[in-house]
Every structure is written in C-alpha cells, then in structure tokens.
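The values are calculated or read from the model by the stated rules, or taken from the named source; none is laboratory data. Note that this is a predicted model, so its numbers are computed, not measured. Backbone-built Cβ (ideal geometry, glycine too); neighbour counts: all protein chains shown.
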Amino acid sequence: MHFKLIIALVEDDKTDRVLTAARDHGATGATVINHARGEGLRRTKTFFGLTLETQRDVLLFLVEEHLSRSILEHIAEVAQFDESPGAGIAFQVDVEDAVGIGHQMEKLSQVVEEDL
C-alpha cells in the first residue's frame, strides 16, 4: 500500500469542517497544528504594529494514494480555497515509507478494494 501526505493550511474556523470532509472521503485520521502564521501574495495588514490576520491551522493527513485526490478536492471545496484569496492551500506529497499505521491498514485495505 502506498501513501500520500496531504498538508492543508486552513483558517482556524474551518478546521472542523475540513477534518469532517477528509474523514467522509476516506481519511482515517489527522494531526492538527494550531496557530500557524503565513504570508501570501499580499502582505498582511498591521494596526499600530500588530498584525491583523486570522489564525491558521496546519492539518496533516496520511492517506492511501488512491483516495488522496478525492480527499484533496473535497478539502479545497469545503475550505473555499478558490473562492477567496488567502483562504488557504492544500497539497500532497509522496510518502516513501510509514510506520505506526498498522491498525489503519485493515480499514484502508477494505475501503480501497471497494473503491477500485
């Protein structure tokens, strides 16, 4: 079984919706890193030296490669990445090897067999 790591940078008020969407489309778990900062095409506004920006969360999903594109598309839809600038991004990278996921392999193999 081969895996992809989906990394999503989302506004913190959309985190729960993105987690639900990912799980509904095959993700078996996630890691959430709170209070990330970032800068896009335009610099963030400041007010008396304080940055006015929404908090971001970093969501990490280790998913089976056959499910990854569907999960990625649904994350983008729920988080509205293409509808407003600065809403966030998500991308996937290949995973060469992973350990500690034996308990998820059973469920994933059933899901992948059904989808293929």
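Note on the range 40-77: among residues that are among the β-branched types (Val, Ile, Thr) and at pLDDT below 95, the one that is nearest to Val10 (Cα to Cα) is Thr54. For the range 95-116, taking the residues that are modelled with pLDDT of 75 or more and in contact with a strand residue (DSSP E or B) (Cβ under 6 Å, 6 or more places away or on another chain), the one that is nearest to His2 (Cα to Cα) is identified as Val95. His35 meets each of the listed conditions (1) closer than 21 Å to Ser84 by Cα; (2) at pLDDT 80 or above; (3) surrounded by 13 or more Cβ atoms within 10 Å (Cβ to Cβ) apart from (3). Among the residues of the range 67-100, those that are under 16 Å from Thr31 (Cα atoms) and without any contact (Cβ under 8 Å) to a residue 12 or more places away in the chain comprise Val99, Gly100. Could you list, in sequence order, the residues of the range 84-106 that are of a type outside the set (A, V, I, L, M, F, W, C) and surrounded by 12 or more Cβ atoms within 10 Å (Cβ to Cβ)? Gly86, Gly88, Gln92, Gln104, listed by residue number.
Only residues that are touching a helix residue (DSSP H, G or I) at 6+ places or on another chain (Cβ under 7 Å) and surrounded by 15 or more Cβ atoms within 10 Å (Cβ to Cβ) were counted across the range 1-16, and they come to 6.
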